[in-house]
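Notes to accompany the following structure.
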Amino acid sequence: MCYGAPMVTSIFIVGLVKSGSTLLNRIMRPLCQTAGLRFSAPANDARQRGIELADVEVTFEPEGQAYGGFRNLPWPLPDFAANRTVFLVRDPRDALTSLYYSVAYSHGAPGSTDGTAMLERFERRRAKVRAMTIDAFVLGEAAALARLIEKTLGRLPAHRRYRYEDVIFDKQAWALDMLGYLGLSVSERRVAKVVGRNDLVPAREDPQAHIRRVTPGDHRAKLQARTIAGLDDRLAGVLERLGYGPAARA
C-alpha cells in the first residue's frame, strides 16, 4: 500500500450523480495530492473494469488517503470518515435533466476488461433513452434518483455539504472552504491555478458535451410545466432534505 501524508486522517469526496461530481474531483484530486494525500477513486476504477462498485472489495486506509469519485455509496463510510467528508448536491430536477443528456449522448462507455455485461447494459440503455422524450425520461427516473439520494444520505457520516448552485460561480471560495474544513494546507496560488483550469462555462449549449450547461435551474428551460409539477411531487422528500423545498423556492 502506498501511503501519503502520515498522521493525516484520510478524507472522502462524495458528489451525487450529475451534481458536478466530475468538477469536484477534478479540483480536489490535484489539491489533495499537493497536500500530500494519495488520491484514489474506487468507483472510477471499477467502471473502467466494467463492474459495479458494490462488487469490489474496498479497504479504506485511515491515514494519508483521499478517496473520491463517489456518486453513490453501496455501503456506509468508515467511522473515521466523520468530519472528514465533503458532499456535493444539486437540485434533483436539474440532475435528472442533466442525466438525460448524459445517458443519451455524452457519458463515456464503461470499460470491459472484467466482462462486457455493464457495457452491454449501457448500450441498451443509451438506445432506449435516445428514443424517449426528456419529459418521459425524468419522470421515469425520479423515483430511482430519490431512493439513491436517501440511501446516500443514510450512509454518510458527519460531513460538510455544498450545493452546486451556491458554488458553481465561485469555485475558488468553494475549494478554499473545502480545504479549510478538511484541514489541508494548500497555497491560495495553487488553488487559483487548479480552479482556473476547471472554471469552464460553455459559450453555447452542446447537448453532446460533458460540460453542456452549468447554469442552475436548467430543468425550467427544458421540461414542461406539468413535468416539473410531477417531479415536485415525486421528489418532495429529497427536495426538502437537500434544501430545495418550497421555502427555498419562494
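Just so you know, all these numbers are worked out from the coordinates, no wet-lab data involved. Please read all numbers here as calculations on a predicted model, not as lab measurements. Because the Cβ atoms are built from the backbone with ideal geometry, glycine has one as well, and the counts that use them run over all protein chains shown.
Evaluate the range 158-173: report whether one residue or more is crowded, with 17+ Cβ neighbours inside 10 Å, in contact with a Ser or Thr (Cβ under 6 Å, 6 or more places away or on another chain) and farther than 23 Å from residue 105 by Cα. Checking the range 158-173: at least one residue is crowded, with 17+ Cβ neighbours inside 10 Å, in contact with a Ser or Thr (Cβ under 6 Å, 6 or more places away or on another chain) and farther than 23 Å from residue 105 by Cα. Please go through the range 20-79 and give me each residue that is in contact with a strand residue (DSSP E or B) (Cβ under 9 Å, 6 or more places away or on another chain), over 23 Å from residue 109 (Cα atoms) and of a type in the set (Asp, Glu), ordered by number. The answer is 61, 63.
Helices (runs of 4 or more DSSP H) fully within the range 91-195 that include at least 3 residues being touching a residue at least 60 places away in the same chain (Cβ under 8 Å) and hydroxyl-bearing (Ser, Thr, Tyr): 92-101.
Does residue 127 satisfy the criteria of being exposed (fewer than 13 other Cβ atoms within 10 Å of the Cβ), over 14 Å from the mean Cα position of the chain (by Cα) and closer than 30 Å to residue 81 by Cβ? Answer is no for this residue. Scan the range 51-90 for residues that are free of Cβ contacts under 8 Å to residues at least 40 places away in the same chain and crowded, with 19+ Cβ neighbours inside 10 Å and the total you get is 1. Annotation note: of 46, 95, the sole residue that is buried (at least 18 other Cβ atoms within 10 Å of the Cβ), of a type outside the set (Val, Ile, Thr) and under 30 Å from residue 221 (Cβ atoms) is 95.
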